[in-house]
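Structure, as structure tokens:
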Amino acid sequence: MSAEVLFAVEGVRFAYGTRVVLDVPRLSIRDGGVTVLMGPNGSGKTTLLKLLNGLYPPAAGRILYRGLPLGPDTMPRLRRETVLVHQDPYLFDGSVFGNVSYGLRLRRTPSSETRRRVAEALAAVGLQGFEHRRARRLSGGERQRVAVARALVLDPQVLFLDEPTASVDAASTDLIEAVVRRAAAAARCVILSSHHQGFAYRMADRLVCLADGRVVPGGENILKGSVEAADGMFTYFRTGAGLLRCPAQEGEFTTAVLPLEDVILSKGEIQSSAQNQFEGTVTAVESGDHTIRVTLDCGFPVRALVTGYSRATLGIEPGARFYATFKASAIRLY
Amino acid sequence: MLGALAEAIRLLFTGDREVYFIAWTSLHLSLVSVAVASALSLPLGFLIALKSFRGKKQLIAFLNALMALPTVVVGLLVYSFISRAGPLGFLGILFTPSAIHLGQVILCLPLITSLVYSALSRLDRRLPETLVTLGARRTEVFRMTILEGRIAILSAVLSGFGRVVGEVGVAMMLGGNIRWYTRTLTTAIALETSKGEFELGLALGIILMAIAFAVNFTLHGVIRHER
């Protein structure tokens, strides 16, 4: 995965009239993988997506795309390389083919290639043979998938999805998840918004949490990996060099979520009922409003919240060795 | 009434050349005027609907007020401009079809613009965003917006047609009701009725209605077929 910064947001504000709906002093979104904007309704997710896609101009500040500020000179490139799928998307009056092929027609793609690519895009969202159906007569989930196909057919570098699973059935959610995974695997960048935690955790390589129009620190460790074993007592989840003991449960999980406040830091091993204890080196110490966030490298990154008092008395500084302890029951698997 | 209907049918089917000419004059004057007005109204309505600018509300209120413009007032105003002594008198278009076109365009321009604006402002806000994110430039956004709003826009255009095809003020004052030249169905009806030829006037009225219905049905049919 490339570490190049895809979007940099600098001092961006956006308001509807006098009501400021987004205020982001600084935010970087790295290229590749899946970035999920998570937050409740009205937290500014959609506005941020539309600002990044150049559909809204920021009232203040600037947005850089691949290092260049968005403006008349860079907009054509942004248009070529990115596409956004709305929540509850607008489908044009006419056939599914007419909808999906629209962007290709704008790009003057030859008709034989257009037919092939439309068929491929429809197959990717499980709508093979839907070309001649009337788009507006499809079900909500099918309409959403047509809109995703209409974006996918352009093979964008960056795919923006606004609440892609908000109003679709379980089957459509699975298909959209598969599409997002394939796009990310094909070195594309997917930036999506969701207020659905399970979906957000499963999909996210990186999580950006929004609340009241501001980016807020995420309160959870999002650990990617897979289930290695299960013995009836615990489910063992492998993430990096760590094997986490989680509550026994069946399923194919790819993400373990561990709240920061459930992680205890100690200088030595502690005897307790907590089933997970890992030793690691402090790699980062960041001061927040009232607490301090500590990142430990235990063969996988673990973040914890401590007070200034704990930091001072325990000497929590970068390079120091500490133990991270947390209960199996504190972990949620997705 | 039945007599008038019989007279209308007789006039149509006995091939009265003058009636055909008058009907054709009415039809083509109205169609050309509406086409010209629409060509101006569509981009105007589009801009008013999609752009925010100072004085937008006032402009919309003004256009709405102009929708009720009396035809005789328009006729009078244009007359004062294109009569020999008027500032545009040098054009020499008074009592020609061009004068009628000018008056009719002024008559239906605010109506069509206002209705197009109203139709487009009711279109889904996601449409322009969807078009732009898929790569559409400004002219393509305009084309697709018109296409997606075509039913409502057609209604606006037909309202404009209805306004001009049935008006007398402009056609009479600017066209002069000249036989074999600028006589339209409405000016002919006014003339025949004032002469006491009530049945003939009514028959011409029936032909006028038939033309209006035919144009409406044809255009609606075309749009339905496209969908």
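Here B:G135, B:G149 are screened, and the one residue that is in contact (Cβ under 8 Å) with a residue 24 or more places away in the chain, closer than 30 Å to A:V85 by Cα and either within 12 Å of chain A (Cβ to nearest Cβ) or of a type in the set (S, T, N, Q) (or both) is B:G149.
Against the test of being in contact with a Pro (Cβ under 9 Å, 6 or more places away or on another chain) and in a loop (DSSP other than H, G, I, E, B), the options B:L69, B:L63 yield a single qualifying residue, B:L69. Just a yes or no: is a residue in region A:104-113 more than 14 Å from every other protein chain (Cβ to nearest Cβ), among the polar types (S, T, N, Q), free of Cβ contacts under 8 Å to residues at least 40 places away in the same chain and assigned to a helix (DSSP H, G or I)? Within region A:104-113, one or more residues are more than 14 Å from every other protein chain (Cβ to nearest Cβ), among the polar types (S, T, N, Q), free of Cβ contacts under 8 Å to residues at least 40 places away in the same chain and assigned to a helix (DSSP H, G or I).
Being under 25 Å from A:A184 (Cβ atoms) and touching a Phe, Trp or Tyr at 6+ places or on another chain (Cβ under 7 Å), is that true of even one residue in region A:114-132? Checked against the condition, which is being under 25 Å from A:A184 (Cβ atoms) and touching a Phe, Trp or Tyr at 6+ places or on another chain (Cβ under 7 Å), region A:114-132 yields at least one hit.
The set of residues in region A:278-304 being touching a Gly at 6+ places or on another chain (Cβ under 8 Å) and under 16 Å from A:S266 (Cβ atoms) consists of A:F278, A:G280, A:T281, A:V282, A:I292, A:L296, A:C298, A:V302. Within region A:89-124, no residue satisfies the criterion of being exposed (fewer than 15 other Cβ atoms within 10 Å of the Cβ) and touching a Leu at 6+ places or on another chain (Cβ under 6 Å). All of B:V170, B:V164, B:V116, B:V157 fail the test of being touching a Cys at 6+ places or on another chain (Cβ under 7 Å) and touching a residue at least 40 places away in the same chain (Cβ under 8 Å), apart from B:V164. Out of all the residues in region A:180-216, which are crowded, with 21+ Cβ neighbours inside 10 Å and β-branched (V, I, T)? Within region A:180-216, A:V180, A:V190, A:I191, A:V208, A:V215 qualify.
Scanning region B:141-188 for residues that are charged (D, E, K, R), more than 16 Å from B:H28 (Cα to Cα) and surrounded by 19 or more Cβ atoms within 10 Å (Cβ to Cβ) returns a single hit, B:E148. The residue that is farthest from the other protein chains (Cβ to nearest Cβ), among those in region A:44-80 that are under 15 Å from A:A15 (Cβ atoms), outside any helix (DSSP H, G or I) and touching a residue at least 12 places away in the same chain (Cβ under 8 Å), is A:G61.
Residue by residue, here is whether (1) under 30 Å from A:L154 (Cβ atoms); (2) under 17 Å from the mean Cα position of the chain (by Cα) holds:
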site	(1), (2)
B:V73	no, yes
B:H101	no, yes
B:R125	yes, no
B:T133	yes, no
B:F142	yes, no
B:F161	no, yes
B:V170	no, yes
B:R179	no, no
B:T182	no, yes
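When A:F278, A:F253, A:F199 are screened for being aromatic (F, W, Y) and assigned to a loop (DSSP other than H, G, I, E, B), only A:F253 passes. For region B:62-83, check the following and say yes or no: at least one residue is touching a Phe, Trp or Tyr at 6+ places or on another chain (Cβ under 8 Å) and exposed (fewer than 15 other Cβ atoms within 10 Å of the Cβ). Checked against the condition, which is being touching a Phe, Trp or Tyr at 6+ places or on another chain (Cβ under 8 Å) and exposed (fewer than 15 other Cβ atoms within 10 Å of the Cβ), region B:62-83 yields no hits at all.
Computed from the coordinates by the stated procedures, all read-outs in this text should not be read as laboratory data. Predicted, not measured: the structure shown is a model, and the values here were computed from it. Heads up, the Cβs are rebuilt from the backbone with ideal geometry, glycines too, and the neighbour counts pull from every protein chain shown.
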